[in-house]
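Reading through the C-alpha cells given below for one structure.
The values are calculated or read from the model by the stated rules, or taken from the named source; none is laboratory data. Here the structure is a predicted model, which means the values were calculated and not measured. Note that we place each Cβ from the backbone using ideal geometry, even for glycine, and neighbour counts take in every protein chain shown. Note: accessible area is taken over every heavy atom of the protein model, side chains too, but ligands, DNA and RNA are not part of it. Shrake-Rupley method; radii C 1.70, N 1.55, O 1.52, S 1.80 Å.
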Amino acid sequence: MVEVVGELTIVEAGLVPYEEAWAEQRRLLDARADGGIPDTVLLLEHPPVYTAGKRTEPWERPFDGTPVIDVDRGGKITWHGPGQLVGYPIMKLAEPVDVVAYVRRLEGVLIDVCAEVGLAAGRVEGRSGVWVPADDRGPDRKVAAIGIRVSRGVTMHGFALNCDPDLGWFDRIVPCGLADAGVTSLSRELGRDVTVAELVPVVRAHLPALVAASPAVFAG
C-alpha cells in the first residue's frame, strides 16, 4: 500500500527480508538525492534477524553464535522480527545537515505515537531511542530503537517500535550495547495485546511531522 500525505510518500510493505529492504533503501536514497522522488518512508516488519551497527563490540553479539548482518548505520546490535514495526525514512535533510536534530525529531514522533496508545514514554539523556522510565517494575527500558545513516544529505535506516514481539530474542545479545537497561514492548507495558496492525495507522498519522525541517526538492 502506498499513500501520499502532503509532501511525504508512505509505503506499507508488509513482511520483508532485511537484506531486501536494505537494498531498497539504498535505491531510494540515490533517487531522493538526485531529486527523482519525494521524501519516502517504508513501514514494514522483518523475519527474525540480528543487525549490528558500526560500533558493535564482539561481546555484545549473540552468545550462541547466531548469525548477524553487519550494516552501515550508527549504533550497535539489535534484533528485528515479527511484532516489531520498523520504519525507514528516506528523507532529504535541510542544510546544514543536523543529524542530532533529526534523531530528536524522530524520537518526538515515536513519543507522540506511544502517548496516543496510552503509554507515557520519553528520552533518556545521552541515549537515543524512546524509553519507559525506571519504576517499581524495573530500570529504564527501551520501547523503540533508532539507528540511522545519512549519505548525500539523505537519511536511511530508522526506527524499530516494539509492539508485541517475542522479547526473548533480546536475551541473546546486549541490545544497543546497554547492559544496564532493559527492552520492553507496548504490549508488556500496557498489559494488552498491541499489534503492528494497530500501530501502523497511528504511526502513519504522525510521520508528516518528520518533514517539518526537510526541504521539498523534488524534480519529478
> What are the aspartates and glutamates whose alpha-carbon lies under 12 Å from the alpha-carbon of Lys54, with same-chain residues fewer than 8 places away excluded?
Replying inline: Asp70, Asp72
> Put Trp59, Trp169, Trp131, Trp22 in order of accessible area, largest first, 1.4 Å probe: what do you get?
Replying inline: Trp59, Trp169, Trp22, Trp131
> Relative to the longest principal axis of the chain, what angle (0 to 90°, nearest 10) does the C-alpha long axis of helix 99-116 take?
Replying inline: 60
>> Not counting ligands, DNA or RNA, and with a 1.4 Å probe, what is Leu15's accessible surface area in Å² rounded to the nearest 10?
In response: 110
> Which Cα, out of Tyr102, Thr66, Ala33, lies furthest along the positive dipole direction of the range 33-109 (beta carbon charges, K/R +1, D/E -1)?
Replying inline: Tyr102
>> Given all pairs of different Cα atoms, what value in angstroms does the Kirkwood hydrodynamic radius of the range 5-92 take?
In response: 14.1
> So, with +1 on the Cβ of K and R and -1 on the Cβ of D and E, and no other charges, what is the size of the charge dipole of the range 1-139 about its Cα centre, to the nearest 20 debye?
Replying inline: 340
> With each pseudo-label sitting 7 Å past Cα toward Cβ, what's the Asp193-Glu20 distance in nm, one decimal?
Replying inline: 2.6
>> For a quick check of your reading of the filter: which GluC sites (Glu not before Pro) in the range 1-73 sit in a DSSP loop and have no more than 15 other Cβ atoms within 10 Å?
In response: Glu7
> Pairing the Cα long axis of helix 18-33 with the longest principal axis of the chain, what angle in degrees results, from 0 to 90 and rounded to the nearest 10?
Replying inline: 30
> Rounded, prolate or oblate: which fits the range 50-116 when a ≥ b ≥ c are the square roots of the eigenvalues of the alpha-carbon gyration tensor, with rounded for a/c under 1.5 and prolate only if a/b beats b/c?
Replying inline: oblate
> Using 7 Å Cα-to-Cβ label points, what is the Ala205/Arg127 separation (nm, one decimal)?
Replying inline: 2.9
> Given a 1.4 Å probe and every protein chain left where it sits, what share in percent of the accessible area of the chain is carbon and sulfur?
Replying inline: 54
> What is the gain in length, in nm to one decimal, between Met1 and Thr66 on full extension, counting 0.36 nm per residue of separation less the C-alpha to C-alpha distance?
Replying inline: 20.1 nm
>> Leaving out ligands and nucleic acids, and using a 1.4 Å probe, what accessible area per residue does the chain come to in Å²?
In response: 43
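Full extension from Glu12 to Ser151: what is 0.36 nm times the residue separation minus their Cα-Cα distance, to one decimal in nm?
This chain segment gains 47.7 nm when fully extended.
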>> Two decimals, Cα atoms only, Kirkwood Rh: what is Rg/Rh over the chain?
In response: 0.94
>> How charged is the neighbourhood of Pro201? Take every other residue with its Cβ under 11 Å from the Cβ of Pro201, and add Lys/Arg as +1 and Asp/Glu as -1.
In response: -3
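Where does the chain land at 222 nm, in deg cm²/dmol rounded to the nearest 500, when only DSSP H runs of n ≥ 4 count, each adding -39500 (n - 2.57), divided by all residues? Display every interim value, and only then the final one.
Numbers: 4 runs with 50 residues, N = 220.
Value at 222 nm, helices only: -7000 deg cm²/dmol.
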> What angle, in degrees between 0 and 90 and rounded to the nearest 10, separates the Cα long axis of helix 196-206 from the longest principal axis of the Cα atoms of the chain?
Replying inline: 50
>> Below 17 Å, Cα to Cα, which aspartates and glutamates can Lys76 reach? Residues fewer than 8 away in the same chain don't count.
In response: Glu57, Glu60, Asp171, Asp180
